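Just so you know, all these numbers are worked out from the coordinates, no wet-lab data involved. Being a predicted model, the structure only gives us computed values, none of them experimental. Don't worry about glycine lacking a Cβ; one is built from the backbone with ideal geometry, like all the others, and counts go over all protein chains shown.
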Amino acid sequence: MIPFSAAAFTALFVVVEPIGVVPMFAALTRDRPRDEVRRIAFRASVVGGLVLTLFALGGRFFLDALGVRIDAFRMAGGLLLLLTALDMLRAKQSACRCSAREVEEAQSREDLAIVPVAIPLLAGPGAMATVMMLMSRATSPGMIGGVFVAIALTFLASYLVLRSAEPIARWMGPSVTAVVQRVLGLVLAAMSLQFIVEGGLNLLNRG
């Protein structure tokens, strides 16, 4: 359980990538009081965690209802994560998360917590696919519990990072942020390829 939980946390933290969200979050909340920024970070982290929990609980039933095999979804999710990883390796904001128009509209929005911070900046398509793939690999109650622990720890870390987004953004600067994104992108690329290969092999073996 412990190795699987650690791997699940690593995968989720890399995909959610709260450090990569820091510059955009700091820009969106620049003119807001510190207490409001902390409330936005808290609500966004709670909502993001709940969204991924719902996908972890009901994702398999949804796929079964659509007649989609979990291994096919694992390959598709791996491809989506690979696209995200390629953007991270080029130090770009992933197009799978938030478009430029959505960011522009969000700057004038009163409540940022749910959209765009919780969805899609934190709990985006890649994170949703990741929790469903992790649940497909969980073969015991302990491992299933490990996925939910990983979700909770990931969004606790996200809250702690986002509540201090402005000083972190000043301290890191563009260069450090780019380096962190590239390192995490490399890890995510390896994980996504593993998901693709596992799903493909399982589909071939089962015909």
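Side notes on the structure shown:
- Mean separation of Cα contacts under 8 Å (6+ apart) over length of the chain, as relative contact order %: 47
- Charged-residue dipole, Cβ positions (Lys, Arg, Asp, Glu), the chain about Cα centre, Debye nearest 20: 240
- Restriction of the trypsin sites (Lys or Arg not before Pro) in the range 25-81 to DSSP coil positions whose beta-carbon has at most 13 other beta-carbons within 10 angstrom yields ARG30.
- When percent of Cα pairs over 29 Å apart is computed from the coordinates, the matching label among (i) 30; (ii) 34; (iii) 23 is (iii).
- Alpha-carbon centroids, the range 152-167 and the range 6-26: separation in whole Å: 9
- Neighbourhood charge, 14 Å Cβ-Cβ cut-off, centred on ASP71 and excluding it, Lys, Arg +1 and Asp, Glu -1: +3
- Helix 34-66 and the long axis of the chain differ in direction by around 20°, with both axes built from C-alpha atoms.
- In sequence order, calculated HN-Hα J values of the range 72-77 (Karplus, 6.51, -1.76, 1.60; Hz; x Gly/Pro): 5, 5, 4, 5, 5, x
- A straight chain from ASP111 to PHE62 at 0.36 nm per residue would run longer than the Cα-Cα distance by 14.6 nm.
- At R0 = 35 Å, FRET efficiency that the Cβ-Cβ distance of ALA178 and ALA6 yields, to 0.05: 0.85
- The stretch between ALA91 and ALA152 holds 19.3 nm of extra length on full extension. This uses 0.36 nm per residue minus the Cα-Cα distance.
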